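Single-structure report; data block below.
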Amino acid sequence: VERFGAQKVMVIASEFEAAIAREVSAGIDVALDYDDVAPHVPVEKAEKARAAAAEHGIDLLVCVGGGSTTGLAKAIALTTGIPIVAVPTTYAGSEATNVWGLTEAARKTTGVDDKVLPATVIYDAALTLSLPVDLSVASGLNGMAHCIDSMWGPRADPINQALGAEGIRALNQGLPLITQDPAGLDGREQALYGAYLSAVAFASAGSGMHHKICHVLGGTWNMPHAQTHATVLPYVLAFNAPAAPAAAERIAAAFGTENPVDGLNRLRETLNAPKALKDYGFAEENIPEAVDLILPVIPASNPRTATPENLTALLAAATAGDDPKTLTDL
């Protein structure tokens, strides 16, 4: 705060993270504590927060929490240019990207703007201890999705792939340690390290097929962000891997397995990860609408061409929780 010469600081944290936010901000003068946070950043919430920032003359944003909290800070920064100090308490990775997202009328819009990239990020694994194991798993697999999508995103390059592979290795090592010892810092340190790598790789490589699917599902059916990513990921990996052998080999090596899908599935079994979209409010009858919304936004660079038929099969398998390997032979 001193380095920014800030006079009016707005601390953004959900009610769940309020205690952590108080601890983090104890040494600074806070002009406004703000907790009206929601997943997928509804436009109404963003406009209300922007108005509050303007009313209080805010010149620095401090966000303490996960992707929803960081996302709200980014929404304010997008229109005001106010700098952000991000203190992540999950493995979402949003704090390390210049990507923003807003939801309006059940449609999620995302974009890229350097104004929303936090000026400073403070990583402290001790601040993630309050994250329950099931949310740690879902959040960590959201980070894993950033790593895997970076292997074939629109701007994928060898650096993105190297960062993504190291992120996979770190998350594959760290997440099981969190489930074994939730109060220990070793697993959470590894997961935070992996989450940072995943976000940097993703911000550079751009949003691939997996993220396009999850943004539509999250924005249109208001599904939980991390759990949706955790559920969809193995299906997109199984779908794309045969058409991207070099990336598949790199992903498998990061997992320490011969086949990338086997590596991810082994980790998911260890973690008892989310398995089916139907468990989070998505129904089979929603699939045709989802296909219509997703198909036009899948990048042309995706290693395998998506069609209405194979995208329907992918979503049907993810909805039911079927074996992802059924998609390899489509």
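The values are calculated or read from the model by the stated rules, or taken from the named source; none is laboratory data. Quantities reported herein were computed from a predicted structural model and do not represent experimental measurements. In this analysis, Cβ positions are derived from the backbone assuming ideal geometry, glycine residues included, and neighbour counts consider all displayed protein chains. Protein only, heavy atoms only, side chains kept; ligands, DNA and RNA dropped before computing areas. Shrake-Rupley method; radii C 1.70, N 1.55, O 1.52, S 1.80 Å.
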Taking the stated definitions as given, is PRO88 more than 22 Å from LEU127 (Cβ to Cβ), touching a residue at least 24 places away in the same chain (Cβ under 8 Å) and either open to solvent by 40 Å² or more (accessible area, probe 1.4 Å) or of a type outside the set (A, V, I, L, M) (or both)?
-> no
For region 1-21, which residues satisfy the criterion of being more than 25 Å from the chain's Cα centre (by Cα) and surrounded by 12 or more Cβ atoms within 10 Å (Cβ to Cβ)?
-> VAL1, PHE4, ALA6, GLN7, LYS8, VAL9
Qualifying residue in region 177-188 (condition: under 18 Å from the mean Cα position of the chain (by Cα) and crowded, with 24+ Cβ neighbours inside 10 Å) = yes
Is it fair to say ALA199 is aliphatic (A, V, I, L, M), in a helix (DSSP H, G or I) and open to solvent by 20 Å² or more (accessible area, probe 1.4 Å)?
-> no
When VAL116 is evaluated against the numbered criteria (1) free of Cβ contacts under 8 Å to residues at least 60 places away in the same chain; (2) open to solvent by 10 Å² or more (accessible area, probe 1.4 Å); (3) outside the structural domain of THR305 (by the TED database), which criterion, by number, is the only one it fails?
-> (2)
Do we have ASP323 as in the same structural domain as GLY153 (by the TED database), in contact (Cβ under 8 Å) with a residue 24 or more places away in the chain and not basic (Lys, Arg) here?
-> no
Selection within region 264-307 - under 17 Å from MET151 (Cβ atoms) and either of a type in the set (A, V, I, L, M, F, W, C) or not assigned by the TED database to the domain that holds ASP134 (or both) = LEU264, LEU267, ILE298, ALA300, ALA306
Determine whether ALA230 is in the same structural domain as MET151 (by the TED database) and more than 19 Å from SER136 (Cβ to Cβ).
-> no
Starting from residues that are in contact with a Leu (Cβ under 8 Å, 6 or more places away or on another chain) and without any contact (Cβ under 8 Å) to a residue 60 or more places away in the chain, keep the ones in region 261-293 and report whichever is surrounded by the most Cβ atoms within 10 Å (Cβ to Cβ).
-> VAL291
